[in-house]
1. Once you charge only the Cβ atoms, +1 for Lys and Arg and -1 for Asp and Glu, what is the size of the charge dipole of the range 20-80 about its Cα centre, to the nearest 20 debye?
2. Once you have the Cα-Cα distance between residue 109 and residue 23, take 0.36 nm times their residue separation minus that, and quote the gain in nm to one decimal.
3. Which percent of the accessible heavy-atom area of the chain goes to carbon and sulfur, probe 1.4 angstrom?
4. Looking at the chain from every direction and averaging, what is the projected area of its Cα convex hull in nm²?
5. Mind checking the dipole of the chain: about its Cα centre, +1 per Lys or Arg Cβ, -1 per Asp or Glu Cβ, Debye to the nearest 20?
6. Considering only 106, 95, 59, give the residue with the highest GNM mean-square fluctuation for the chain, with springs between Cα atoms whenever their separation is below 10 Å.
7. What number comes out for accessible area per residue over the range 1-85 if the probe is 1.4 Å? Units Å², please.
Amino acid sequence: QVQLTETGGGLVQPGGSLRLSCAASGRSFRTYAMGWFRQAPGKEREFVAAIDWSGGSSYYQDSVKGRFTISRDNAKKTVYLRVNSLKPEDTAVYYCAASGSGTYYYGVSWDYWGQGTQVTVSS
């Protein structure tokens with residue numbers, strides 16, 4: 001069992017930055033692939049970024065490439081999402097998720113989800 005807790009969201013002006021964190025419980029964190037998703041009001045949840053168990057490979061939605069960076073610290077059981085150059089359209093609840101597959105591929109099953117952290121980009 002893995003429990004995930006996201007922090008770091010908030011209100012930021014366009015062009016600003018945040019670092020989102022997702023802390024995990026459980027002994028198997030280092031074996032899980034981790035992902036970030038977001039859901040804007042009235043929209044479906046969408047994939048943002050993912051990282052494999054080792055941190056050696058990462059994947060991004062096209063709209064965030066070059067602005068967002070996913071990373072992980074297995075010793076701290078934490079995955080991060082650095083979000084730069086924020087735009088109003090990045091406003092959403094951001095969720096982290098864990099996949100027992102250990103790696104990311106399109107259609108991979110996500111086994112555990114956090115409760116989310118709100119990011120609001122507005123002047």
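The values are calculated or read from the model by the stated rules, or taken from the named source; none is laboratory data. Source: prediction; values computed, not measured. Don't worry about glycine lacking a Cβ; one is built from the backbone with ideal geometry, like all the others, and counts go over all protein chains shown. Just the protein is used for accessible areas: all its heavy atoms, side chains included, with ligands, DNA and RNA removed. Shrake-Rupley method; radii C 1.70, N 1.55, O 1.52, S 1.80 Å.
1. Here the range 20-80 has a charge dipole of around 200 debye.
2. Contour length minus the Cα-Cα distance gives 29.0 nm.
3. On the way: 2890 of 6420 Å².
Of all accessible area on the chain, carbon and sulfur atoms account for 45 percent.
4. Details: hull surface 27.2 nm².
In nm², the orientation-averaged hull projection of the chain is 6.8.
5. Numbers: 13 positive and 9 negative charges, 64 e Å.
Here the size comes out at about 300 debye.
6. 106
7. I get 54 Å² per residue for this part.
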